[in-house]
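Here the structure is laid out as C-alpha cells; the discussion comes afterwards.
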Amino acid sequence: MTLFKAKKPRIGHERVGYLLITPFYLFFLAIILLPGIIAVINSFTNYDLYKTYNFIGLDNYKALLIDPLFKKALLNTLIYSVLYIIPSMSLGLLLALLLSGEGRGSRIFRTGFYMPYIISMVCASTIWLWMFDPAAGFLNQILAAMGFEASTWLKDPALAMTCVVFVSLWKNLGYCMLINLSGIKGIPAYLYEAAEIDGANAFQRFKNITIPMLQPTTFFLFITTCISSFNVFEQVNVLTNGGPMNSTTTIVHQIYIRGFSEFKMGYASAISVVLMLIITLITAINFKYGNQGQDTNIG
Amino acid sequence: MKKNCSKISVLLVCLMLLGLLSGCGNGPASSGPQQEPLSKEEMVTTDSLEESKISDEPVTLSFIRAGTDEHAQAVYTELIEEYMEDHPNVTIEYQQYNYGAELETKLNTLYASGSAPDIVRAPISTIAQRAEMGQYAALDDYIDSWAGKDDIIQAAYDVGSYKDQRYGIAINIEASFLFYRKDHFIEAGLDPEKPPTTWEELHEYAEKLTVREGNSVVRSGFSIPVGQGHTVIIPFARQNGGQLVDIENNIPVFNEEQTAEALGYLASFNLDNLIIPFVNNQDQNPFELGKASMMIGTLSNYNTLLASDVEWIEHLMFAPMISRETRSGFGGCQIMFMSEESKHKEEAWDFIKFLFSDDSVKKLVADAGATPVKTGLADEFLESYPDIGPTYLDALTYCEGMPKVEWAALFEKYLNIAYEEAMYGQKDAQAALDDAMKQLEAEMAE
C-alpha cells in the first residue's frame with residue numbers, strides 16, 4: 001500500500017514553461033520563419049519590389065539554371081568556402097594549442113588575436129581596402145621598401161578572392177582560436193598526465209587525446225564556419241563589390257544585387273531558397289557523417 | 001578689359017549651360033508658355049499664398065543627396081541648419097550616398113517600403129525610370145506659382161524635365177575636362193603649355209609620363225578607372241562619332257563601330273601597363289594621391305584637392321577634353337526632386353526654393369563648386385574659381401550627360417560590364433560590347 005499517492009501529470013501543467021519560451025518563439029516566428037516562408041512564396045513570382053506581383057511558377061528557378069552569373073557566384077562561394085574553412089579551422093587550432101598556457105604572454109597574444117573579431121566586418125574591410133590600395137596602400141609600401149614589385153591586389157582578378165579570404169581569416173581567426181581554446185581547457189589534465197606516465201610523446205598526446213576530445217568543438221566550428229562561408233557578403237561588398245569581372249561575386253552578393261539594385265525580388269528570393277537548400281544539405285551531411293555526439297570514455 | 005571679360009563670361013555661362021542641355025537628355029521638355037515677369041505686388045501675393053500653405057505643426061523632412069564630397073556635405077549641412085533656424089517647426093534629416101548602386105539601392109528600398117524621402121538630389125540618370133514609376137512628383141504647379149522661377153537658368157529646368165513635365169530643377173551641372181601636372185610634364189620633357197588634344201597625343205603623353213619600378217606602375221601617365229567606367233567610355237565614344245543610344249527609337253546602339261574603337265583605345269592604357277588600377281565610386285583616383293599625371297576631372301575633384309591641401313596644387317593645370325571627330329566630355333546633372341509620396345510637399349518645396357535662393361546658390365558656388373544656376377551669378381563664380389573657372393565654363397559647351405531613357409540604369413550596367421571586360425583584356429572591345437548589348441536587349445525584352 002502506498003502512503004503517498006503520486007501526483008498525476010496533467011496536460012497544461014507546463015504553462016509557465018510555455019509562457020517563458022513564448023517571447024523567443026514569437027520572435028522566431030516574426031523575424032525568421034515568416035520572412036523565410038514569404039521568400040519561398042516570392043521565389044515563384046516576378047515581384048519587383050513595387051507593384052508587379054504575379055505567380056510565374058518555376059520560371060525563376062529555370063532562369064537560375066542558365067544564368068552564368070549565378071553559376072559564377074556559386075563557384076566563387078565554393079572556392080571561398082574551401083579557401084576559408086580549412087585554414088581558419090587548422091590555424092585556429094594551432095593558435096589555441098600555442099596559446100593554451102597561462103603565462104602573461106599567452107594572455108596578451110590571445111587578446112591580440114581576438115581583437116579583430118570584435119570589430120565589425122564593414123570596418124575591418126574598409127581598413128583592408130586602404131591597405132590593399134594599389135596606388136598608396138600600406139602593403140605596396142612595404143613591398144617597395146623591401147625591394148619587391150607592387151601588386152594590384154583587389155584589382156587583379158586572379159588575386160582578388162585570395163585577398164577577400166585573407167581579410168575573413170584575419171578577422172575570424174581569433175574566434176576559431178577561442179572556441180578551440182575552450183575545448184582544450186575542457187580536456188581533463190589527468191589524461192595527459194597518464195599518457196606521459198605511459199611514455200606518450202607530445203604528438204601522440206595530441207593525436208590520441210586532444211583531437212578525439214575536441215571532436216564536438218571541431219564539429220560545432222565546422223558547421224558554423226560552413227554556414228558563415230556560404231553567407232559571405234560584407235567583405236565582398238566593401239572590398240570588391242563582386243569584381244573585378246565578377247571574380248569575387250558570391251551567392252549572397254547576387255541576392256543583394258538582384259533584389260535591391262535590379263528590382264528582381266522574385267529572382268533574388270529564388271537564389272535565397274537555393275542557398276537555404278545548399279546550407280541545409282551541408283548541415284544534414286555534417287550531422288549524418290560528422291561525429292557530433294562525443295561519448296569518449298574518460299573514466 | 002577685366003570688366004568686359006566678366007560680361008562676356010556672364011553671357012557665355014547662359015549660352016553654355018543651354019548648350020549642355022542638348023547632351024543632358026532627349027531634347028528640352030517644354031517648360032510651358034513663357035509668362036510675363038510678375039510685378040512686386042504680385043510676387044508678394046504669390047509668396048504669401050505659398051507661405052500660407054506651409055504648416056506650423058512640427059514637420060520632419062527627409063533629404064537624400066547623391067554624392068559624398070566632403071565640401072558639398074559641409075555646405076548642405078550648413079544650409080540645412082540655417083533653414084531649420086528660420087523654420088523651428090521643421091526638422092530635416094539629411095543623408096548622403098555614393099552615386100551608382102549605393103544610391104539606387106537606398107532609393108529602391110525606401111520607395112518600396114513606403115518610406116520615400118521627401119527631397120532627393122539625384123543625377124539625371126534617375127529621372128526617366130523614377131518619373132515613370134511615379135516616384136518623383138511633377139513640379140510644374142509649384143514652379144509656375146513660384147515668384148523666383150525666372151531667376152533660374154532655363155537649362156536647369158530642361159535637364160529636370162521628362163515627357164513635357166518638370167520633375168526637378170538642376171542645382172549643379174558638372175562638366176569634365178583634363179587635369180594635369182605641370183611638374184610631371186616638365187620632368188618628362190613635355191611642354192606644360194601644350195597639353196594633349198588628340199587621342200594619339202594623349203596616349204603618347206601617357207607613355208612618356210608613366211613611371212614604373214620593374215614592371216609595376218608607380219605613377220600613371222593618364223589615370224582612368226578599370227571598373228565603373230561609363231563616364232569615361234561615353235565621352236570617348238561620342239568624340240569618335242558614336243551615338244550609344246538611339247533616342248528617337250528608344251533603343252541602345254552602343255555596340256557600334258565607333259564605340260568599339262573608343263573602348264579598344266581606352267583598354268590599351270591598361271593593356272599597355274600605363275595605369276594604376278582603380279574603380280570609380282569605390283577607390284580614390286591615383287591622381288588625387290599624387291600618383292598620376294593626367295586625369296579627367298570635375299570641379300568637385302578640384303575642391304577635394306583643395307580641401308586635402310596637397311602640396312602640388314600649384315602645379316595643377318587644366319585643359320579642354322580631348323577631341324577626335326568632335327570634342328566631348330561627360331556632364332553630370334545634380335537635380336532636386338520631390339517624392340510623389342511625400343506627406344509634406346509644401347514644406348519640401350519650400351526647402352527646395354530655399355536652396356535656390358541667391359544666398360544658398362552663392363554659397364554652393366563658392367564653397368562646393370556648384371554651377372551658378374541662377375542668372376547673374378557667373379561673375380561670382382569666376383571670382384571664386386579664377387584658375388579652373390574658364391576651362392569649366394568652356395567644358396559646359398561640349399559636355400553631355402547620361403541619356404535620358406527609362407532603361408538608363410541597365411544601359412549603365414551593361415556598358416560597365418563591357419568596359420571592364422575590355423579593360424582587363426578578357427574580350428576584345430567589339431565582342432565585349434556585342435555581348436553586353438545582347439544581354440541588355442534580353443533584359444529589356446523581359
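The values are calculated or read from the model by the stated rules, or taken from the named source; none is laboratory data. As the structure is a computational prediction, the values presented were derived from the model and not from experiment. Cβ coordinates were reconstructed from backbone atoms using ideal geometry, including for glycine residues, and neighbour counts include every protein chain displayed.
General observations
- Qualifying residue in the range B:391-408 (condition: over 18 Å from A:Leu69 (Cβ atoms), crowded, with 22+ Cβ neighbours inside 10 Å and either free of Cβ contacts under 8 Å to residues at least 40 places away in the same chain or of a type in the set (Gly, Ala, Ser) (or both)): yes
- If only residues of the range A:157-169 that are away from chain B (no Cβ under 14 Å) and surrounded by 17 or more Cβ atoms within 10 Å (Cβ to Cβ) are counted, the one that is farthest from A:Met245 (Cα to Cα) is A:Leu169.
- Residue-level analysis places B:Gly376 outside the set of residues that are in the same structural domain as B:Glu248 (by TED's automatic domain parsing) and surrounded by fewer than 21 Cβ atoms within 10 Å (Cβ to Cβ).
- For the range B:274-312, taking the residues that are farther than 22 Å from A:Thr126 by Cα and part of a loop (DSSP other than H, G, I, E, B), the one that is nearest to the other protein chains (Cβ to nearest Cβ) is identified as B:Ile275.
- Residue that is buried (at least 20 other Cβ atoms within 10 Å of the Cβ), touching a Ser or Thr at 6+ places or on another chain (Cβ under 6 Å) and within 14 Å of chain B (Cβ to nearest Cβ), where the choices are A:Leu129, A:Leu154: A:Leu154
- Within the set A:Thr77, A:Thr52, the sole residue that is among the polar types (S, T, N, Q) and in a helix (DSSP H, G or I) turns out to be A:Thr77.
- Among the residues listed as B:Ser62, B:Ser52, the single one being modelled with pLDDT under 65, among the hydroxyl-bearing types (Ser, Thr, Tyr) and assigned by TED's automatic domain parsing to the domain that holds B:Asp141: B:Ser52
- Flag if B:Ile352 is within 14 Å of another protein chain (Cβ to nearest Cβ), crowded, with 18+ Cβ neighbours inside 10 Å, part of a helix (DSSP H, G or I) and among the aliphatic types (A, V, I, L, M): no
- Residues that are surrounded by fewer than 19 Cβ atoms within 10 Å (Cβ to Cβ) and either part of a strand (DSSP E or B) or within 14 Å of another protein chain (Cβ to nearest Cβ) (or both) within the range B:62-95 comprise B:Thr68, B:Thr91, B:Glu93, B:Tyr94, B:Gln95, listed in sequence order.
- Only one of the listed residues (B:Ala128, B:Ala122, B:Ala116, B:Ala147) is more than 14 Å from chain A (Cβ to nearest Cβ), assigned to a loop (DSSP other than H, G, I, E, B) and in contact (Cβ under 8 Å) with a residue 60 or more places away in the chain. That residue is B:Ala147.
- Scanning the range A:80-118 for residues that are loosely packed, with under 13 Cβ neighbours inside 10 Å and either of a type in the set (Ser, Thr, Tyr) or within 19 Å of the chain's Cα centre (by Cα) (or both) yields A:Val82, A:Ile86, A:Ser90, A:Thr111, A:Met115, A:Ile118.
- Among the residues examined, B:Ser360 does not qualify as touching a helix residue (DSSP H, G or I) at 6+ places or on another chain (Cβ under 6 Å) and assigned to a loop (DSSP other than H, G, I, E, B).
- Within the range A:171-218, the set of residues being of a type in the set (Phe, Trp, Tyr) and over 30 Å from A:Trp128 (Cα atoms) comprises A:Tyr190, A:Tyr192, A:Phe203, A:Phe206.
- Given (1) small (Gly, Ala, Ser); (2) in contact with a Phe, Trp or Tyr (Cβ under 7 Å, 6 or more places away or on another chain); (3) buried (at least 22 other Cβ atoms within 10 Å of the Cβ), number of the condition A:Gly290 does not satisfy: (3)
- Subset of the range B:208-238 (residues that are in a helix (DSSP H, G or I), of a type in the set (D, E, K, R) and under 25 Å from B:Asn416 (Cα atoms)): B:Arg238
- Within the range A:225-269, the residues that satisfy the criterion of being within 13 Å of chain B (Cβ to nearest Cβ), hydroxyl-bearing (Ser, Thr, Tyr) and in a loop (DSSP other than H, G, I, E, B) are A:Thr240, A:Ser247, A:Thr248, A:Thr249.
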